[in-house]
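Presented below is the structure to which this report refers.
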Amino acid sequence: MKQLKSILLSMALCLIAASASAFDAKSKPVQVIMPFAPGGGVDQTFRHLQKYAAAKNITLVGIYKPGGEGVVAMNELNSAPKDGYTVSVTTVPVIAFNRAKNPSADIIAVTGIRDTIFSLVTSTKSNIKTIDELERAIRDGDKIALGVGAPGQKLFLEQFVEFTKTKIEPLYVPYKGGGPVINDLVAGHIDVAAVPYSISKSQINAGKINLLALGTKEKLQGVTVTSIENRYPSWQHYDGFAFVLAQGTDQQAIKWWSDFLKEYLADPQVRADFIAEDTVVTEFGTKKLEKTVTAVIARLQKEK
């Protein structure tokens, strides 16, 4: 009888220990590392996820670690405890740049969240009002500054420059996110940028910046400008937003976040919100995400 009690006590203690160690994001605040300054597409994506999580009693705290084309943030993620309470919302090019340049600090790509619809925009203080004028200015080697706040933005602009067939490399001005790019574009400190339409739309509608083209074939309400993909049939899309974890993260935490994000992306209101924000809902999982990561890495290797 005494032996049976001892066995039952041991089983109970094991169950308590298992319960205590089970991951639950509701149990304490979760830090979300982001590779760019506030106000950009990553921040906007995080804010939506944060609001959704809060309704389910999950506290997400944004931690901004811009620099090094996202590598700074990925290093921060990997240096944190691997318990699932430190995660990251980032971009597909950041995953690719980190994997190519910082392979010892690779991450777990849980899923894409949504795809970027880029807007090719210019300052109202510049003389460039159309995409034809921009092509001509780049091709002629005019003195213009192209603002870049993220690797995906630079990939977009570099691809555009290639299509102009110019022999003169334009000036790229680096920023720590799309928000600062928009601010300087409005102020006239730079001439051109390629940023998510979701963060440039309000300034376009207010007449503070010019919209030359969109990086999508989809028709957006009230937008009549050309599509980059229609203008250049061989155009490649290299961007999107994603949720990642550090290598070595606890398996229970990986499963928890995977289940949570699958539910998030399937939610009808979430999908409606994404469409209203002029972004494209991506499919759950890593298939599409890894395909784009591979395409970015291939381009980086080609550039060497």
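Taken together, the residues in the range 258-304 that are over 17 Å from Glu218 (Cβ atoms) and either open to solvent by less than 20 Å² (accessible area, probe 1.4 Å) or basic (Lys, Arg) (or both) amount to 15. Applying the selection to the range 93-122, what residues are under 30 Å from Ala206 (Cβ atoms) and in a loop (DSSP other than H, G, I, E, B)? Hits for the range 93-122 are Thr116, Ile117.
For the range 33-48, which residues satisfy the criterion of being open to solvent by less than 30 Å² (accessible area, probe 1.4 Å) and either free of Cβ contacts under 8 Å to residues at least 12 places away in the same chain or assigned to a helix (DSSP H, G or I) (or both)? Residues satisfying the conditions are Gly41, Val42, Asp43, Thr45, Phe46, His48.
Checked against (1) buried (at least 16 other Cβ atoms within 10 Å of the Cβ); (2) modelled with pLDDT of 95 or more; (3) over 22 Å from Gln252 (Cα atoms), Lys51 meets all criteria but (1). For the range 70-92, the set of residues classified as assigned to a helix (DSSP H, G or I), touching a strand residue (DSSP E or B) at 6+ places or on another chain (Cβ under 9 Å) and open to solvent by 40 Å² or more (accessible area, probe 1.4 Å) consists of Glu76, Ser79, listed by residue number. For Asp115, the criteria (1) within 13 Å of Gly41 (Cα to Cα); (2) open to solvent by less than 10 Å² (accessible area, probe 1.4 Å) hold in every case but one, which is (2). Considering only residues that are touching a residue at least 60 places away in the same chain (Cβ under 8 Å) and touching a Gly at 6+ places or on another chain (Cβ under 8 Å), look in the range 65-94 and name the one that is farthest from Val148 (Cα to Cα). Here the residue is Lys82.
The values are calculated or read from the model by the stated rules, or taken from the named source; none is laboratory data. Because the structure is predicted, anything quoted here is derived from the model rather than measured. Glycine also receives a Cβ, built like all others from the backbone with ideal geometry; neighbour counts cover every protein chain displayed. We work out accessible area using only protein heavy atoms, side chains counted, and drop any ligands, DNA or RNA first. Shrake-Rupley method; radii C 1.70, N 1.55, O 1.52, S 1.80 Å.
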